[in-house]
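As structure tokens, the structure follows; a few thoughts come after it.
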Amino acid sequence: MSPAVVPPVGARIRQARLERGVSLRALAREVGVSASLVSQIETGKSQPSVSTLYAITTALGLSVESLFDARASSPMTGVNPPGTVPHAVAALSALAADPRRRIGPLVGAGERETLELDSGVVWERLGRVPGADVDFLLVTYRPGGSSSGSGGLMRHAGTEYGYLTSGELILTLGFDEYTVRPGDAVCFESTTPHRYRNDGEVPAVGVWFVSAGVQ
């Protein structure tokens, strides 16, 4: 079974921005990127990096977990486009009524919803407890992949815990740098500037649990 299809993250971001009455330029200023980049993300011409995605969702008061919550169509566009990237709070009743949506208690290996970001990072949702504002993810950093396409450090609300199962990651946390190897675990407040990158030749894969800190 292939991973569940979810609406493009750009459409979700645009919907949330319009619902909040935020202009494209205002959002770009808040995030610290160009308005053209935000426009390209919203139209699906570009996918955000991990750091840009967190910055946008923080500015709009969303959680990353909410990006995985898909409805059959976007009320802002009236279309039902396929995609691999998502975000926005869907009604729990709609989720429960859709047998294709596997939020728990058991999520099979072929049923995980997948969020592919630029800069070589893939998130797969391992499950979800309704009402719990957390990200429970299998994260893959492809060779050369990084949480920040620009190389800068990211910060966002919440606390994160990670356990690496294969490959190797370099974690920059504040002024310190750590090499994370299989079997190693990390935990820190996500407000601390940080970045993950894979300098190796094989994918780095691990399980991450992030308390979003955004209601």
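The values are calculated or read from the model by the stated rules, or taken from the named source; none is laboratory data. From a predicted model like this one, the values you see are computed outputs, not experimental measurements. Positions of Cβ are backbone-derived with ideal geometry, glycine not excepted, and every protein chain shown enters the neighbour counts. Heads up: the accessible areas ignore ligands, DNA and RNA and are worked out on the full protein's heavy atoms, side chains in. Shrake-Rupley method; radii C 1.70, N 1.55, O 1.52, S 1.80 Å.
Ligands, DNA and RNA left out, the accessible area of the range 99-159 computed with a 1.4 Å probe is 56% carbon and sulfur. Basic side chains Lys and Arg get +1 at the Cβ, acidic Asp and Glu get -1 at the Cβ, and with that the dipole of the range 119-162 about its Cα centre reaches some 100 debye. Here, the range 4-67 is characterised by an Rg to Rh ratio of 0.92, where Rg is the alpha-carbon radius of gyration and Rh the Kirkwood radius. Using a probe of 1.4 angstrom and keeping all protein chains present, the accessible surface of the range 131-204 works out to 49 square angstrom per residue. Both radii were evaluated on the Cα set of the range 167-215; the Rg over Rh quotient, with Rh as the Kirkwood radius, amounts to 0.98.
Label-to-label distance for Arg20 and Lys45 is 2.3 nm, based on points extended 7 Å past Cα in the beta-carbon direction. For the range 19-26, putting each phi into the Karplus relation 6.51 cos²θ - 1.76 cosθ + 1.60 with θ = phi - 60° gives couplings of 4, 8, x, 9, 6, 4, 5, 5 Hz, in residue order, rounded to whole numbers and with x for Gly and Pro.
Across the alpha-carbon set of the range 134-215, the Rg to Rh ratio works out to 0.94, Rh being the Kirkwood radius. Counting only protein heavy atoms and a 1.4 Å probe, the range 9-62 has 43 square angstrom of accessible area per residue. For the range 111-119, 3J(HN,Hα) computed residue by residue from phi via the Karplus equation (6.51, -1.76, 1.60; θ = phi - 60°) reads 10, 6, 6, 10, 10, 9, 10, 6, 6 Hz, glycine and proline entered as x.
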